[in-house]
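This report concerns only the one structure given below.
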Amino acid sequence: MNNQPIACPKCHENNRVRKVSGVHNDSRLAPPPKPVFNDPSPRINSAALVIMALLFFFGGWMFLGLLATEVQGGWWMCYGLLLIIAIVMGVITNQAKKKERESLDVRMSEWNRLMGKWEELYYCELDDIVFNPHDGTSTSANNIRTYVESRGR
Ligand SMILES: [Zn+2]
C-alpha cells in the first residue's frame, strides 16, 4: 500500500482525497461496466420455433392433401424438413456464438484497458473532481466516463 498522501491538483489538500476505486456511494464513480456474453441462442431458437410452427401448419395441410394418395411420403417429407431446419439452426447458433465470443474478447480487452485507467484515478470531495496523480490531469466527477474512455488512445 502507498501511504503517501495524494494531494488534489486543484485545492492542494489531501484530507478529502480518496481513491476512486474506494468510493462506493457515488454511482458516477462506478467502474466501467464489465462486458457480458449475449447468448444468441434464445433469439435463434425462437426464430426456429416460428419456422417449425409454419412448417407444421403447412405440413398438416399437405398431409391432408396427400391423405388420399401418398400418406407415408407426406410424413417423411415433413420429418426431413424439420431435421434439415434443426441442423441449419444448430450451425447458425454455433456460428453466432463463435462471433459473440470473438466480440466479447475484443470488448474484454478494451474493458481491461479502461479498468486500468480507472484504477489510477483519485477523487477530491471538496472540488468534486477526479484526477490522475501520475500525469496531473483532472476532470469533473460527472465527466469521468468520457475522461476514462478518451485518454491514451
Ligand atoms: Zn480538491
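Taking other C-beta atoms within 10 angstrom as a stand-in for reagent exposure, Val50, Val130, Val23 fall in the order Val50, Val23, Val130, fewest first. Residues Trp111, Trp118 in ascending order of nearby Cβ atoms (within 10 Å, fewest first): Trp111, Trp118.
Of the candidates Asn15, Asn38, Asn25, which one comes out as most mobile in a Gaussian network treatment of the chain with C-alpha springs shorter than 10 Å? Top of the fluctuation ranking is Asn25. Compute the angle between helix 71-119 and the longest alpha-carbon principal axis of the chain, please, reported from 0 to 90 degrees and rounded to the nearest 10. With rounding to tens, the tilt is 10 degrees. Residues whose amide H lies under 5 Å from that of Ile129, counting only those 5 or more places away or on a different chain, are Cys124, Ala141; hydrogens are built 1.01 Å from N in the peptide plane. Normalised by residue number, the volume inside the convex hull of the Cα atoms of the chain is 143 Å³ per residue.
In this structure, the amide hydrogen of Thr137, modeled 1.01 Å from its nitrogen in the peptide plane, lies closer than 5 angstrom to those of Asn132, counting only residues at least 5 positions away or on a different chain. Angle, helix 41-66 long axis vs. longest principal axis of the chain, Cα atoms, 0 to 90°, nearest 10? Orientation of helix 41-66: about 10 degrees from the principal axis.
For the stretch 99-141, the fraction of alpha-carbon pairs lying more than 17 Å apart is 46 percent, rounded to a whole number.
Laboratory data are not the source of any read-out in this text; all were calculated from the coordinates shown. This is a predicted model, so every value here is computed, not measured. Every residue, glycine as well, gets a Cβ built from its backbone with ideal geometry; the counts of neighbours run over all protein chains shown.
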